[in-house]
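Peer 1: Pasting in a structure now, in structure tokens, and then I'll have a few things to ask.
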Amino acid sequence: MFAGVAVLALYKGMLHSRVRTVIDAEVAHLQIHDTTFKKDFEPVFVLQQADSILKVLHSMPEVKAISARSITQGMLATTTGSMGVQINGVQPQQEYEVSQLKKKIIEGDGFHSGKKNEILIGKKLADKMKLKIGSKLVLTFTDSSAEMVSAAFRVASIYRSDNAPLDERNVYVARENLNELLGIGNGLHEIAVLLNRDEDLDRVQRKLQEEFPAYQVETWRQISPETDLMINTVDVYSYIIMVIIMLALAFGIINTMLMAILERTREIGMMTALGMNRVRLFFLVLLETILLTVSGTPIGLGIAWLATNYFNKNGLDLSGMGKEMMSSFGYSTLIYPEFPSDKIIGVMMIVTGTAIISCLFPAMKALRLQPVEALRR
Amino acid sequence: MNTVIDAHNISKIYNPDTIPVYAVNNVHLHLLKGEFTALVGPSGSGKTTLLNLIGGLDKTDTGNIFINGKDITQLSAGKLIDFRLHNIGFVFQSFNLIPVLTAKENVEFVMLLQRIKRSEREKRIHTLFKQIGLEDKMNSRPSQLSGGQQQRVAVARALASKPQFVLADEPTANLDSKSASNLLDIMALLNKEEDMTFIFSTHDQRVIERARRVITLVDGKVVSDTAAVDTNVLHETIK
């Protein structure tokens, strides 16, 4: 019971953590783009009604923060090599609020006002390209006139998020610097919107889509379909895990009940000799198993609840178990397990069912005991 | 006098396909109600096997055993269990009380299997504990009782189901002489007052001396039976 609930709690915590990372640190609740922009990231497809959109967003009480970005795909080159990246032109304060970029910085202290062509790069990219704070690099991309543009940038900070592939692919520069190079003036390609409450998501999306039908208003579920898929399949995965745990439980129960029968062979033989029939003997083993399960369930449940609550407050650090691996799948190594209250009834039914099925073999063993042989032992 | 046990030509053979060993060899037995019988013989003579066959705990290879006219060798396993429950009481050498139950609960266990009403159970329990002289130990667990006391509880358990007869396999083997004497007194009293039939296997000379009929087994065969004479006398008397 403890193992089942603990795994579900861990799984729920990991999933919740992943969803929060997606919303609070990667894509925000909503993103607004020109309908053709995301097809091939042509700089020319800016949001024509950006000011109107921003005005509407600022007037909505559901909106917590907004980050208006200009985006292009380009090549990052250093003396050691080159790599394709997504260049995000951002307003630092907005970005710090929407994607918590400031909190992710592990080296340097972010953008410096007044300094031109500063760039924030991910730790994985920095390691791969052997870049440090102050290192110089060249970004090359096409501008709005489809002309190749190159510019030198200096690494101002290095950040690290829970999603290593994202860190490798995304670099951040000041929006005015990028816009100048792209030749789009004050143009914007993307507006990321963070809401106060998750529950408002669909309503705000509908409202914005109705107001600006010419643009693509997408929720995080549409932008990150793999996370959405994960949520939708969580029950299946968790029950698969439960089945594996139940297999272990079944072996435990079979072992316990076989031992109980083995230890009480004489007693069972005596009861059969005195007149206890096979049906009663079968129900005796069944009842003992059920009592074992019933008495173990609240204990397991209680320990699981205490452990889950403790780690929910203090976090469960799994960095020792493979930080790189967790990060490469976009998961934080600090998990806050959540007690799976919604699945307790299901887990209890599975545990009881497994216990009953598991006791069949020991019960058959007991039924096959001949009183004479049993009494001789 | 009613016949309680009538066994004809019964045999129990171990290893019949290799080297056959006759644990019980072509035994005929006729026991009447109220007999106080000892099965004696050296170790391996077949005393316990014969008791097991009579008690329906083991299957005969040949012959038939009639208990109150019913051939128990023809009963299915399930019906045999039910037959034992209502007709035969057992006392085992090593007591075999259920350790987690009290003395009272051990005695009550058989009556619960028989689905006897609570009031009737209580009444019978008090009578039995009075007869075995352990009224003050009813709520003690087996571990809190001496060997002799445990065996007396086992006798009470055997009698709780109001059986036709009681089979006792070396009932005094694990008891000191005083406890053995006490147990025999109780069994003899029950035999006398309630006309309860007792058949016990034993090596114990004190038990043999108290028995009114002694059947001696050697190599699975009955070599002597004191009742052969007694029964004839009895039959003559009836005539």
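Peer 1: Taking only DSSP H segments of four or more residues, each worth -39500 (n - 2.57), what value at 222 nm results for chain A once the sum is divided by all its residues, to the nearest 500 deg cm²/dmol?
Peer 2: Computed ellipticity for chain A at 222 nm equals -16500 deg cm²/dmol.
Peer 1: A follow-up question, please. Quick one: of the DSSP bridges fully inside the range A:80-226, what percent are antiparallel, nearest 5?
Peer 2: 50 percent
Peer 1: Please list, in chain and number order, the residues 5+ apart from B:Thr197 or on another chain whose amide H is under 5 Å from its amide H, with Hs placed from the backbone.
Peer 2: Amide H neighbours of B:Thr197: B:Gly34, B:Val166.
Peer 1: Between B:Leu51, B:Leu80, B:His28, whose Cα lies farthest towards the positive end of the dipole of the range B:1-121 when Lys and Arg beta carbons carry +1 and Asp and Glu beta carbons carry -1, centred on the Cα centre?
Peer 2: B:Leu80
Peer 1: How far apart, in nm, are two points set 7 Å out from the Cα along the Cα-to-Cβ line at B:Val21 and at A:Ala77?
Peer 2: So the two model labels end up 9.6 nm from each other.
Peer 1: To continue, here is another question. I need B:Glu35, A:Glu107 ordered by Cβ neighbour count within 10 Å, fewest first.
Peer 2: Ascending Cβ contact count within 10 Å gives the list A:Glu107, B:Glu35.
Peer 1: So for the range A:33-154, considering every pair of alpha-carbon atoms, how many percent are separated by more than 20 Å?
Peer 2: The proportion of pairs with Cα distances above 20 Å equals 52 percent.
Peer 1: Summing -39500 (n - 2.57) over the DSSP H runs of n ≥ 4 in chain B and dividing by its residue number, what mean residue ellipticity at 222 nm do you reach, to the nearest 500 deg cm²/dmol?
Peer 2: Calculated at 222 nm, the ellipticity per residue is -12500 deg cm²/dmol.
Peer 1: Under a point spin-label approximation (7 Å from Cα along Cα-to-Cβ), what is the A:Leu262-B:Asp176 distance to one decimal in nm?
Peer 2: Placing both labels 7 Å beyond Cα along the Cβ direction yields 3.7 nm.
Peer 1: Here is a follow-up. Convert each backbone phi in the range B:185-199 into a coupling constant with the Karplus relation 6.51 cos²θ - 1.76 cosθ + 1.60 (shift: θ = phi - 60°), then list the ³J(HN,Hα) values in order as whole Hz, x for Gly and Pro.
Peer 2: Result, rounded to whole Hz: 4, 5, 5, 5, 5, 5, 5, 6, 6, 10, 6, 7, 7, 10, 10.
Peer 1: Here's a follow-up. What number, in percent, do you get for the relative contact order of chain A if the mean sequence gap of Cα pairs under 8 Å and at least 6 apart is divided by its residue count?
Peer 2: 26 percent
Peer 1: Say R0 is 22 Å: what FRET efficiency, to the nearest 0.05, do A:Ser150 and A:Lys116 get from their beta-carbon distance?
Peer 2: Computed FRET efficiency for A:Ser150 and A:Lys116 comes out at 0.90.
Peer 1: Still on this structure, please answer the following. When you take every Cα atom in the protein assembly as shown, what is the radius of gyration, and what is Dmax, the widest Cα pair distance, in Å?
Peer 2: Spelled out, the Cα radius of gyration and Dmax of the protein assembly as shown are 43.4, 135 Å.
Peer 1: Once you order the gyration tensor axes a ≥ b ≥ c over the Cα atoms, which shape class does the range A:1-102 get: rounded for a/c under 1.5, otherwise prolate or oblate by comparing a/b with b/c?
Peer 2: Oblate.
Peer 1: In whole Å, what is the distance between the alpha-carbon centres of the range B:1-72 and the range A:1-47?
Peer 2: 81 Å
Peer 1: Using the charge dipole of the protein assembly as shown (Lys, Arg: +1 at Cβ; Asp, Glu: -1 at Cβ; taken about the Cα centre), state which of A:Thr80, A:Asn177, A:Tyr96 has its Cα farthest towards the positive end.
Peer 2: Toward the positive end, the furthest listed residue is A:Tyr96.
Peer 1: Treat each spin label as a single point 7 Å out from the Cα along the C-beta direction, and report the A:Val234 to A:Leu284 distance in nm.
Peer 2: That separation, rounded to one decimal, is 4.7 nm.
Peer 1: Find the relative contact order for chain B and round it to a whole percent, using C-alpha pairs within less than 8 Å whose residues are 6+ positions apart.
Peer 2: 28 percent
Peer 1: Now for a separate question. Which value, in debye to the nearest 20, describes the size of the charge dipole of chain A about its Cα centre when Lys and Arg Cβ atoms bear +1, Asp and Glu Cβ atoms bear -1, and nothing else is charged?
Peer 2: Dipole magnitude for chain A comes out near 1600 debye.
Peer 1: Now for a separate question. Which one, A:Ile119, A:Leu30, B:Ala180, is farthest towards the positive end of the dipole of the protein assembly as shown when Lys and Arg carry +1 and Asp and Glu -1 on their Cβ?
Peer 2: It is B:Ala180, whose Cα lies furthest towards the positive end.
Peer 1: Still on this structure: Along its three principal axes, how long is the range B:100-239 when you only count alpha carbons? Whole Å, largest extent first please.
Peer 2: 46, 36, 25
Peer 1: Report the calculated FRET efficiency for A:Met321 and A:Glu226 (r = Cβ-Cβ distance, R0 = 30 Å), to the nearest 0.05.
Peer 2: 0.85
Peer 1: Right, something else. How big is D for the range A:130-279, in µm² s⁻¹ as a whole number, if Stokes-Einstein is applied with the Kirkwood radius of its Cα pairs at 37 °C and 0.692 mPa s?
Peer 2: It comes out at roughly 143 µm²/s.
Peer 1: Rounded to whole Å and sorted largest first, what semi-axes of the equivalent ellipsoid does the C-alpha gyration tensor of the range A:233-376 yield via the square root of 5 times each eigenvalue?
Peer 2: 42, 14, 13
Peer 1: Suppose R0 equals 30 Å; then what is the FRET efficiency for B:Ala77 and B:Lys33 from their Cβ-Cβ distance, rounded to the nearest 0.05?
Peer 2: Using R0 = 30 Å, I get an efficiency of 0.65.
Throughout, read-outs are computed from the coordinates displayed, never taken from laboratory work. What you see is a predicted model, and the numbers here were worked out from it, not measured in a lab. When we count neighbours, we look across all protein chains shown, and the Cβ atoms used for this are built from the backbone with ideal geometry, even at glycine.
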